[in-house]
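Student: Can you read through this structure? Questions will come right after.
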Amino acid sequence: MIRPHRRHPLWFAYLLHRVSGLALALFLPIHFYVLALALTDPSGLDGFLRWTEHPLVKLVEFGLVFLLAVHFFGGLRLLALELLPWSPRQKSLAAGAVAGAFGVSTVFLLNAL
Amino acid sequence: MLEQSILATSVWRGDAEGGEFQRFEVPRRDSQTVLDVVTHIQQELDPSLAYRFACRVGMCGSCAMMVNGVPRWTCRTHVSKVSGNVSGGGGELQIAPLRNLPVIRDLVVDMAPFFDKWTAAEGVFRPSETRAAPMAKVQPGSPARAAANAGIECINCAVCYAACDVVAGNTDYLGPAALNRAWTLVNDARDGGQAERIDAVSSEGGCHNCHSMGSCAQFCPNALNPTAAIAGLKRETVKAKLGWRR
């Protein structure tokens, strides 16, 4: 359960940034392994790429693109927060990061299907 | 009507070794504050309850407690705002000592670590002139003065300190109040201790530990924004590192 003092938008933005960062860190080794297949096992890579054509995998990729985009936009918000003059619209900017990430990942999904 | 209903109140009883919540039934009254509830318990139900307060009007910063899991100044927190709507009753209240500070007894915490960090953050004014110097001229509308003014109404209640998850995870972290104080002094044109202050706030427990969760600003009873102050300190420490600070 999320404790009462954490139930506000910027804490959820913090949580989302951390969780997305962690998930991407776990994803990257798998990503690099698959890329390495191009050199070590080209037929294995072809098999993997055929597997990724499955709609269910596309749906998971939508989640992956969302995580990447929300971490990217959220990271831009934090860089701006720390290096540019303060903006009082942090909640709107955090919401914008989520909306932007959702938009990017939805466009990806519509293209993929 | 309100006078007849009962507020089911759980109050944390114990000391540094541990403790547990004790239930009290407190008569519900109009315009009742959480501090009124605690005072009723101490005066009418259990005189051994320890708690701290002074001004009762939101100036002294001594009555902050965790109310239903959220840090609040209890003298200015109306029960009707926080107790919820329990049908047929006067609501429920859970009152505990401030988070992130050692408990002395019941609702009283030791504020020493909190104020030690104000000192560690160079939260003290270092005059750049002697008292014989003429009055310093500070333009009230200058950006630096505006930034200082935005943070000087802190009442030292430690609500932000109790709300901060970074403080909870890192006992060396100076915390939002001390860093907010340092930020007001960084923007004080009369202060002569800036290099030491920038060193202090960029040290191991300094401003760069902040994860910008914003809980300090969310719960500050005076609507200050320590998150913005800490972001300002981060900018100044980066500038100092790059040699861009005057």
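Student: How many residues, within region B:135-166, are under 13 Å from B:ASP188 (Cβ atoms), surrounded by 19 or more Cβ atoms within 10 Å (Cβ to Cβ) and more than 13 Å from chain A (Cβ to nearest Cβ)?
Tutor: Qualifying residue count, region B:135-166: 1.
Student: For the subset of region B:216-233 comprising residues that are crowded, with 21+ Cβ neighbours inside 10 Å and touching an Asp or Glu at 6+ places or on another chain (Cβ under 7 Å), which member is farthest from B:ALA121 (Cα to Cα)?
Tutor: By that ranking, first place goes to B:LEU224.
Student: Are any residues in region A:74-113 facing chain B (nearest Cβ under 10 Å) and assigned to a loop (DSSP other than H, G, I, E, B), and if so, which ones? Before you say what the answer is, go through the steps one by one.
Tutor: Initial filter on region A:74-113 (facing chain B (nearest Cβ under 10 Å)): A:77-78, A:80-88, A:90-91, A:94.
A:LEU84, A:PRO85, A:TRP86, A:SER87, A:PRO88, listed by residue number.
Student: Among B:VAL82, B:VAL67, B:VAL57, B:VAL108, which is of a type outside the set (Ser, Thr, Tyr) and over 16 Å from the mean Cα position of the chain (by Cα)? Spell out how you get there, then give the answer.
Tutor: Numbers: B:VAL67 fails: over 16 Å from the mean Cα position of the chain (by Cα); B:VAL57 fails: over 16 Å from the mean Cα position of the chain (by Cα); B:VAL108 fails: over 16 Å from the mean Cα position of the chain (by Cα).
Going through B:VAL82, B:VAL67, B:VAL57, B:VAL108 in turn, the sole match is B:VAL82.
Student: In region B:11-28, what count of residues is obtained for those that are in contact with a helix residue (DSSP H, G or I) (Cβ under 6 Å, 6 or more places away or on another chain) and either more than 17 Å from B:HIS78 (Cα to Cα) or basic (Lys, Arg) (or both)? Steps first, please.
Tutor: From region B:11-28, those in contact with a helix residue (DSSP H, G or I) (Cβ under 6 Å, 6 or more places away or on another chain) are B:24, B:26, B:28; that's our starting set.
Okay, now just the ones that are also either more than 17 Å from B:HIS78 (Cα to Cα) or basic (Lys, Arg) (or both), so B:24, B:28.
Residues in region B:11-28 being in contact with a helix residue (DSSP H, G or I) (Cβ under 6 Å, 6 or more places away or on another chain) and either more than 17 Å from B:HIS78 (Cα to Cα) or basic (Lys, Arg) (or both): 2 in total.
Student: While we're here: B:ALA182 versus (1) outside any loop (DSSP other than H, G, I, E, B); (2) within 14 Å of another protein chain (Cβ to nearest Cβ); (3) not β-branched (Val, Ile, Thr): which is the lone unmet condition?
Tutor: B:ALA182 satisfies every listed condition except (2).
Student: Got at least one residue in region B:225-245 being in a loop (DSSP other than H, G, I, E, B), free of Cβ contacts under 8 Å to residues at least 40 places away in the same chain and within 24 Å of the chain's Cα centre (by Cα)? Break it down stepwise before answering.
Tutor: Quick first cut of region B:225-245, residues in a loop (DSSP other than H, G, I, E, B) only: B:225, B:243-245.
Now narrow it down to the ones that are free of Cβ contacts under 8 Å to residues at least 40 places away in the same chain: B:243-244.
Of the ones still in play, those that are also within 24 Å of the chain's Cα centre (by Cα) are none.
The answer is no, given that none of the residues of region B:225-245 is in a loop (DSSP other than H, G, I, E, B), free of Cβ contacts under 8 Å to residues at least 40 places away in the same chain and within 24 Å of the chain's Cα centre (by Cα).
Student: Next question, about the same structure. Being assigned to a loop (DSSP other than H, G, I, E, B) and away from chain A (no Cβ under 11 Å) is the requirement here; does B:ASP188 meet it? Give the derivation first.
Tutor: Values: assigned to a loop (DSSP other than H, G, I, E, B): yes; away from chain A (no Cβ under 11 Å): yes.
Taking the combined requirement at face value, the residue satisfies it.
Student: I would also like to ask the following. Output the residues belonging to region B:192-220 that are more than 14 Å from chain A (Cβ to nearest Cβ) and over 15 Å from B:ARG245 (Cα atoms).
Tutor: Of all residues in region B:192-220, those more than 14 Å from chain A (Cβ to nearest Cβ) come to B:192-200, B:203-205.
B:ALA200, B:SER203, B:GLU204, B:GLY205, listed by residue number.
No lab work stands behind these numbers, since they all come straight from the coordinates. It should be emphasised that the depicted structure is a prediction, and the values quoted were computed from it without experimental measurement. Glycine also receives a Cβ, built like all others from the backbone with ideal geometry; neighbour counts cover every protein chain displayed.
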